[in-house]
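The values are calculated or read from the model by the stated rules, or taken from the named source; none is laboratory data. Only a predicted model underlies this, so the values are computations on that prediction, with no experimental measurement involved. Cβ placement follows ideal geometry from the backbone for every residue including glycine, while neighbour counts extend to all protein chains displayed.
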Amino acid sequence: MKRLILMRHGHSPPAQTSDAQRPLSTRGAAAASAALKKLAEKGFLPKMIVASPLLRAKSTAEIAAKCFNAPVIVMEELDGGHSCDAVWRELRTHIEKSDDVLVVGHQPVLGVLVGALVGGPACPLQPAGVCALRFDGAVPERLVRSAKEELCLLDPEIY
């Protein structure tokens, strides 16, 4: 069994110069920490973290790396400028290497991935929102319905 945990980066202030360089806010870091703590309490202990190259996602991934003592791999395809199919093709290679993988990225891509993998609409992940999926069989080559939802923490205000 493999589990894929998709997490939207924590809250960040509006861009002052470059969207890629938007930092996490204090509120965003706190919400990310709370969501990650909740994941650990529920038995989700990723061995690998895959993150978008954008600063707010990398910062969220660094918080996760400390929480789970896991390495962070930056994946360019998670930058928001690639199709969901392209993201899935690259992401799948990382999922094949570890049983539990945490992915930190952006909407709408993460929400669309969740929807495609569970056979439903896009998941409305808020900042620091998390959705954990389980694959009972092989991880599919294409982005098709193949996973079951195990946990959804959509709104960080409830953690």
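Evaluation of residue 56 against the conditions (1) surrounded by 15 or more Cβ atoms within 10 Å (Cβ to Cβ); (2) in contact with a strand residue (DSSP E or B) (Cβ under 6 Å, 6 or more places away or on another chain); (3) in contact (Cβ under 8 Å) with a residue 24 or more places away in the chain shows that the sole unmet condition is (2). For region 89-115, the set of residues classified as touching a residue at least 24 places away in the same chain (Cβ under 8 Å) and touching a helix residue (DSSP H, G or I) at 6+ places or on another chain (Cβ under 7 Å) consists of 101, 102, 103, 104, 105, 106, 109, 112, 113, listed by residue number. So, residue 62, is that one of a type in the set (Asp, Glu), part of a helix (DSSP H, G or I), under 21 Å from residue 39 (Cα atoms) and at pLDDT 95 or above or not? Yes, satisfied.
Taking the criterion of being of a type in the set (Gly, Ala, Ser) and either outside any loop (DSSP other than H, G, I, E, B) or under 19 Å from residue 1 (Cα atoms) (or both), the residues of region 120-141 that qualify are 132, 137, 138.
Just a yes or no: is a residue in region 58-66 aliphatic (A, V, I, L, M) and under 21 Å from residue 142 (Cβ atoms)? Checking region 58-66: not a single residue is aliphatic (A, V, I, L, M) and under 21 Å from residue 142 (Cβ atoms). If the condition is being out of contact with any His (no Cβ under 8 Å at 6 or more places or on another chain) and closer than 22 Å to residue 67 by Cα, then region 104-125 contributes 110, 125.
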